[in-house]
Amino acid sequence: MITTNTKTQSLTKRPAWQALQAHYQQIQLLHLRQLFADDPLRGERLVIDAAGIYLDYSKNRVTDETMRLLINLADECGLSERITAMFNGDIINVTEQRAALHTALRAPKGERILLDGVDVVAEVHAVLDRMALFSDKVRSRHWLGYTGKRIANIVNIGIGGSDLGPVMAYEALRLYSQRDLTFRFVSNVDGTDFTEATRDLDPEETLFIVCSKTFTTLETLTNARAARDWCLDKLVDDHAVRRHFVAVSTNAEEVTKFGIHTDNMFGFWDWDGGRYSMDSAIGLSTMIAVGADNFRAMLKGFHAMDEHFRTAPFDQNLPVIIGLLKLWYNNFFDAQSVAVFPYNQYLKRFPAYLQQLTMESNGKHITLDGACVDYQTAPIYWGEPGTNGQHSFFQLLHQGTRLIPCDFIGFFQSLNPLGDQHDLLMANFFAQTEALAFGKSQDEVKADGTSDWLVPHRTFEGNRPTNTVLVEQLTPETLGKLVALYEHSVFTQGVIWNVDSFDQWGVELGKVLAQKTAAELKTADEPLLDHDSSTNALIRRYRRFKSGQS
Ligand code: G6Q
């Protein structure tokens with residue numbers, strides 16, 4: 001167990017960190033053109049081909065020495081021990097005094113992981129089996145609504161970790177989904193979200209999955225109540241709730257209070273954080289969409305990446321290398337953000353999913369020892385599917401003033417072959433990383449016959465680092481691998497930054513902050529406001545507008 005009373009050496013004082021700093025001074029200006037010219041096999045050497053994923057990291061501003069020093073840093077920070085601790089279910093989520101055992105969610109049946117003497121893998125599979133029975137019923141149209149009509153629409157209500165994973169997975173695996181079922185996702189407390197999601201649905205044919213680990217989250221409970229009213233408006237009888245609502249939660253008491261019978265509840269565990277839960281019962285909508293077999297294939301993919309992460313030497317370890325490279329730019333080149341570009345339309349929600357995974361996990365400035373960091377932690381993650389981004393913000397990547405390391409994710413095979421469109425997509429995919437790395441020199445621009453005054457504008461300095469991640473095809477299994485790849489790269493970084501990657505006190509703060517203000521907005525009497533003058537004035541103005549006095 002990692003406790004807060006063992007002081008670890010400050011990261012920036014570690015010999016490996018200082019060696020990296022000295023090394024950075026030497027190579028910071030080294031150009032990728034030079035690195036490739038010096039080593040004609042670089043593009044075949046700086047690659048990892050493992051677990052069905054091909055990573056080419058040769059277009060990074062690193063030498064063999066950089067990689068050696070980065071791995072030294074991981075070693076010095078005890079990454080191996082921390083990986084073992086995570087897989088063993090040790091209390092690595094120190095501030096919440098919990099294990100972070102999401103890897104148990106995809107452990108194969110029969111494997112045993114004991115937590116407080118209980119085999120959690122057996123529990124996981126018991127829930128998976130119940131989910132499979134339920135989703136089979138819905139998919140075979142045997143789950144009937146209260147009036148006897150077949151359920152045709154599934155609406156997932158949840159937010160944050162109880163929404164982003166399910167939405168991303170549904171979009172990613174849409175090709176594998178049952179097309180005669182409609183899926184919608186409601187997260188925002190803005191009434192527009194619920195209203196638009198249900199506008200064309202018939203309550204008699206609609207099933208709500210209320211996903212909330214705590215079952216106390218304001219947005220989700222508010223939307224769930226709106227859903228119940230919407231349903232009962234037509235179905236009238238309270239008993240209808242049983243046919244039209246299921247819950248995914250760890251809080252049976254609150255689920256019952258809401259009126260959902262625990263027979264219709266699918267559980268998970270406090271050792272599974274929200275943003276690490278898309279492969280738990282939180283993925284019920286995914287399972288209904290793609291079926292239990294595909295869901296299990298996704299778990300198999302997760303598990304394959306878990307095993308790779310657990311066992312591969314660091315220099316051949318995909319999550320470790322990706323994590324270390326991002327850290328290299330973040331902490332030594334002072335890069336502020338990381339961009340992720342899936343060249344696959346089905347992965348359009350993948351960057352949003354990664355934003356939560358990376359920024360909620362490592363957006364921390366206090367170490368496990370309770371000290372304030374003197375280095376940067378999580379960068380800002382963002383992205384869009386290619387090729388769309390090329391026609392907007394890629395300009396900044398190519399010629400702006402900021403260094404933005406990027407991950408390009410592509411697939412050999414299209415799921416929707418259409419003429420030569422996949423070749424065109426991939427041509428762009430390859431061309432972008434090439435252009436970012438090598439740019440176009442002044443001489444090359446001049447040689448094109450460009451007028452002198454225009455030459456600086458048309459010159460691309462290059463040396464913009466990218467990773468290329470190539471996968472055969474987007475399948476449930478490869479999706480599981482990709483998600484686990486990023487989960488573990490986030491963990492790798494969290495270990496080095498020495499932060500708790502599994503708590504989220506900032507999110508908790510948000511959950512209580514609005515409660516007080518909500519009461520002040522609602523009350524009929526003029527409330528006594530004790531915020532700052534700006535917030536007080538804004539609240540008064542809103543109240544005046546509401547009461548028609550503006
Ligand atoms: C995830 C976070 C957060 C959480 C949501 C929803 O790791 O804890 O995003 O998932 O706030 O919480 P509930 O599932 O409890 O409603």
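The values are calculated or read from the model by the stated rules, or taken from the named source; none is laboratory data. Note that the structure is predicted; figures quoted are calculated from it, not measured. Positions of Cβ are generated from backbone atoms using ideal geometry, with glycine treated the same way; all protein chains shown enter the neighbour counts. We work out accessible area using only protein heavy atoms, side chains counted, and drop any ligands, DNA or RNA first. Shrake-Rupley method; radii C 1.70, N 1.55, O 1.52, S 1.80 Å.
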Report task. Give the accessible area for T214 in Å² (nearest 10); use a 1.4 Å probe, count only protein heavy atoms, and leave out ligands, DNA and RNA. Result -> 60 Å²
Requested in this report: Considering only protein heavy atoms, with the full assembly of protein chains and a 1.4 angstrom probe, order R179, R243, R150 by accessible area, largest first.
Outcome: R179, R150, R243
**Report entry** Accessible surface of the stretch 419-536, 1.4 Å probe, proportion on carbon and sulfur as whole %
**Finding:** 55 percent
Report summary line: For the stretch 123-138, in residue order, the Karplus 3J(HN,Hα) values (coefficients 6.51, -1.76, 1.60; θ = phi - 60°; whole Hz; Gly and Pro = x) are 5, 4, 6, 5, 5, 4, 5, 5, 4, 5, 4, 5, 5, 4, 4, 5
**Report entry** Percent breakdown of C-alpha pair distances by 5 Å bin, ordered from the shortest bin, for the stretch 91-227
**Finding:** 2, 9, 14, 17, 19, 17, 10, 7, 4, 1
Report summary line: Spelling it out for K440: with amide H atoms placed in the peptide plane at 1.01 Å from N, the residues 5 or more places away or on another chain with amide H under 5 Å from its amide H are F460, E461, G462
Query raised in the report: Amide H to amide H, which residues 5 or more places from I380 or on other chains are under 5 Å from it, using H placed in the peptide plane?
Result: S337, V338
Report summary line: Sorted by chain and then number, the residues having a modelled amide H within less than 5 Å of the amide H of I154, at least 5 places away or on another chain, are T182, F183, R184, L207
Query raised in the report: Points 7 angstrom from Cα along the Cβ direction at V373 and Q421: gap in nanometres?
Result: 4.1 nm
Query raised in the report: When the helix-only estimate is applied to the chain (DSSP H runs of n ≥ 4, each -39,500 (n - 2.57), divided by the residue count), what is the mean residue ellipticity at 222 nm, nearest 500 deg cm²/dmol?
Result: -14000 deg cm²/dmol
Requested in this report: Please get the size of the charge dipole for the chain, origin at its Cα centre, with Cβ charges of +1 on Lys and Arg and -1 on Asp and Glu, quoted in debye to the nearest 20.
Outcome: 800 debye
Requested in this report: Would you give the gap between the C-alpha center of the stretch 502-541 and the C-alpha center of the stretch 294-354, rounded to a whole Å?
Outcome: 38 Å
**Report entry** Relative contact order for the chain, counting Cα pairs under 8 Å that sit 6 or more residues apart, in percent
**Finding:** 19 percent
Report summary line: Rounded to whole Å², per residue accessible area for the chain with a 1.4 Å probe reads 43 Å²
**Report entry** Accessible-area ranking of Y170, Y54, largest first, probe 1.4 Å
**Finding:** Y54, Y170
Query raised in the report: Is the shape of the stretch 244-306 best called rounded, prolate or oblate, per the rule: a/c under 1.5 gives rounded, else a/b larger than b/c gives prolate, else oblate, with a ≥ b ≥ c the square roots of the Cα gyration tensor eigenvalues?
Result: oblate
Report task. Step through the residues of the stretch 505-511 one at a time and calculate ³J(HN,Hα) from phi using the Karplus curve (6.51 cos²θ - 1.76 cosθ + 1.60, θ = phi - 60°), rounding each to whole Hz and writing x for Gly and Pro. Result -> 5, x, 5, 4, 4, x, 5
Query raised in the report: At a 1.4 Å probe radius, carbon and sulfur cover how many percent of the accessible area of the stretch 236-353?
Result: 46 percent
Query raised in the report: Under a 1.4 angstrom probe, counting protein chains only, how are H457, H422 ranked by accessible area, largest first?
Result: H457, H422
Report task. Once you have a ≥ b ≥ c as the square roots of the Cα gyration tensor eigenvalues for the stretch 413-550, tell me rounded if a/c is under 1.5, and otherwise prolate or oblate according to whether a/b is larger than b/c. Result -> prolate
Report summary line: Yeah, the stretch 471-524 with a ≥ b ≥ c from its alpha-carbon gyration tensor (a/c under 1.5 is rounded, else prolate when a/b outruns b/c, oblate otherwise) is oblate
Query raised in the report: When only C-alpha pairs under 8 Å and at least 6 residues apart count, what is the relative contact order of the stretch 210-318, in percent?
Result: 20 percent
Query raised in the report: In whole Hz, what ³J(HN,Hα) sequence does the stretch 167-178 give by Karplus (6.51, -1.76, 1.60; θ = phi - 60°), x for Gly and Pro?
Result: 5, 4, 5, 4, 5, 5, 10, 3, 4, 8, 8, 7
Query - Contact order relative to length of the stretch 163-274, as percent, for alpha carbon pairs under 8 angstrom and 6 or more apart - result: 22 percent
Query raised in the report: Quick one: net charge of E526's neighbours, Cβ under 11 Å, K/R +1, D/E -1?
Result: +1
Query - Among I159, Y170, A197 the positive-end extreme of the charge dipole of the stretch 125-269 (Cβ point charges) - result: Y170
